[in-house]
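Notes follow the structure.
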Amino acid sequence: MKRKLLEQLIEWKESKKRLPLLLEGARQVGKTYLLKTLFGEKYFEKVIHVNFEKADSELINLFEGNIQPQRIIDYLALKFNTPISQDNTLIIFDEIQEVPRALTSLKYFAEDAPEYYVVATGSLLGIALHSGTSFPVGKVNRLRLYPMDFEEFCWANNMEEQTEEAHNAIQSLKRPLITSGFKDLFQQYLAIGGMPAAVSTWIESKNIDIVEMILKNILSDYKDDFSKHTTNTESRRIANLWQSVPRQFAKENHKFVYKTIEPSARGRDYAFSFDWLIDAGLIYKVNLIPHGDKLPLSFYADESDFKIYALDVGMLRQLAGLPSSVVIGDDNIWSNFGGAFAENFLLQQLRSMDFTETYYWANNTKIPNQPKGKSELDFIISDENTIYPIEVKSGEQVKSPSLRIYRQKYNPELSIRFSLKDLEYDEGLLNIPLYYSFLFRDLIKQKDKLSVSEFAFRK
């Protein structure tokens with residue numbers, strides 16, 4: 001299955017200033033497959049793959065001594081019974097966090113043997129644990145891999161040509177002509193998510209029961225990780241916090257409340273649990289921005305007021321115990337959760353587009369002709385010194401005062417609404433169908449032309 005990050009790997013290979021590459025990401029997002037199969041086997045004559053999770057003691061002991069590159073290369077050449085060339089061999093150190101000295105060795109490859117192609121994979125948590133003395137600061141290039149985003153899911157479902165046509169249409173200031181296929185796949189994606197094992201199983205079998213088993217196994221593996229590097233008390237709290245993620249969405253206001261974890265839960269007791277799950281890449285924390293028009297957004301974030309989202313919408317569904325039929329079918333239960341899943345979906349897409357600084361906005365404001373209440377926007381992001389307020393709706397009913405209040409208060413250059421309504425622009429408000437979320441960057445690049453009368457997403 002094609003992954004977008006492959007293009008950046010090719011750029012790294014061709015760069016004259018490349019450093020050893022560290023590919024980070026949560027467990028089971030496809031790091032090894034990307035490096036070994038999609039990149040290594042296609043763009044190199046030989047691939048040396050060292051999996052430190054399965055390595056024998058002799059290989060591990062290699063890094064306990066002298067970690068000069070030539071010694072490591074000579075050993076690997078003997079172990080794998082093949083010459084290692086500077087020109088055509090890719091060396092992969094898989095799960096490098098398992099051997100901290102191997103992580104340190106990347107520094108020496110950068111300094112003493114930069115001509116070799118060396119890449120490493122590491123879990124976000126494992127790298128965070130070794131971010132002190134073992135981490136080669138300034139001596140590695142770093143990339144992060146997320147679960148497959150919706151566009152990659154479309155590619156896996158033989159819709160690559162259609163996604164390209166959609167991109168071209170926006171760049172030509174036209175309305176994309178194909179929608180039905182994207183709508184159907186969007187619904188599937190909400191149920192299946194973007195974990196590569198789940199996606200490939202769905203593509204091969206179209207059997208949702210097998211997909212469910214895959215997702216359950218992934219969740220089980222994550223739960224096993226909770227106790228791997230923590231005490232019994234810490235692992236219990238991590239598990240409690242992780243299990244509470246769907247319950248946070250069940251509230252009308254998605255602001256995180258500790259008592260949702262357990263009645264006696266307090267913030268100071270769960271600080272480590274939050275850090276652990278964030279470092280593991282399993283949750284995203286979205287802080288409040290009380291001032292919606294000031295840059296940089298990070299300066300004004302209120303870290304005591306936040307929401308949390310799951311790594312993957314398919315895993316969120318499984319964690320919530322919702323059957324796929326609720327999502328794919330027309331179930332009344334979905335009406336209670338659809339908004340939360342749409343939000344999680346959109347945040348997942350934004351992260352995959354490198355919008356890593358994501359916030360939400362809330363403000364106590366008197367709404368005209370309504371009782372006093374709290375207006376709230378799902379997300380606030382910035383790009384090239386422009387702030388974009390984002391509202392997410394799970395259907396075609398899009399009336400909500402919050403975005404209107406924000407616009408009246410701050411007069412943003414462009415406001416964004418994601419919903420199931422058609423693509424349209426009206427006086428500074430751009431409505432993007434959720435199934436066209438992968439066109440977001442294309443659309444904001446055209447923001448200066450959106451008001452041109454002949455634009456109108458003409459056919």
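The values are calculated or read from the model by the stated rules, or taken from the named source; none is laboratory data. Predicted model, so just to flag it, every value in this text is computed and none were measured. When we count neighbours, we look across all protein chains shown, and the Cβ atoms used for this are built from the backbone with ideal geometry, even at glycine.
Quick one: in the stretch 161-213, which of the residues that are under 24 Å from the mean Cα position of the chain (by Cα) and not in a helix (DSSP H, G or I) is surrounded by the most Cβ atoms within 10 Å (Cβ to Cβ)?
The extreme case among them is 193.
Limited to the stretch 46-74, what total is found for residues that are surrounded by 14 or more Cβ atoms within 10 Å (Cβ to Cβ), out of contact with any Asp or Glu (no Cβ under 7 Å at 6 or more places or on another chain) and not aliphatic (A, V, I, L, M)?
Summing the residues that are surrounded by 14 or more Cβ atoms within 10 Å (Cβ to Cβ), out of contact with any Asp or Glu (no Cβ under 7 Å at 6 or more places or on another chain) and not aliphatic (A, V, I, L, M) in the stretch 46-74 gives 3.
Got a sec? Which of 324, 244 is in contact (Cβ under 8 Å) with a residue 60 or more places away in the chain and hydroxyl-bearing (Ser, Thr, Tyr)?
324
Results for (1) without any contact (Cβ under 8 Å) to a residue 60 or more places away in the chain; (2) assigned to a helix (DSSP H, G or I), shown as yes or no for each residue.
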{"site": "33", "(1), (2)": "no, yes"}
{"site": "42", "(1), (2)": "yes, yes"}
{"site": "58", "(1), (2)": "yes, yes"}
{"site": "67", "(1), (2)": "yes, no"}
{"site": "83", "(1), (2)": "yes, no"}
{"site": "91", "(1), (2)": "yes, no"}
{"site": "107", "(1), (2)": "yes, yes"}
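Scan the stretch 212-235 for residues that are closer than 21 Å to residue 29 by Cα and either among the small types (Gly, Ala, Ser) or assigned by TED's automatic domain parsing to the domain that holds residue 26 (or both) and jot them down.
Hits for the stretch 212-235 are 220, 227.
Quick one: in the stretch 245-297, of everything that is in contact with a strand residue (DSSP E or B) (Cβ under 9 Å, 6 or more places away or on another chain) and of a type in the set (S, T, N, Q), which residue is nearest to residue 405 (Cα to Cα)?
It comes out as 253.
Please work out if residue 222 is under 30 Å from residue 384 (Cβ atoms) and in contact (Cβ under 8 Å) with a residue 24 or more places away in the chain.
no
Considering the stretch 430-459 alone, what residues qualify as being of a type in the set (Gly, Ala, Ser) and either surrounded by fewer than 21 Cβ atoms within 10 Å (Cβ to Cβ) or modelled with pLDDT under 95 (or both)?
451, 453, 456, listed by residue number.
Given the options 60, 10, 84, name the one that is β-branched (Val, Ile, Thr) and under 15 Å from residue 118 (Cβ atoms).
Answer to the check: 84.
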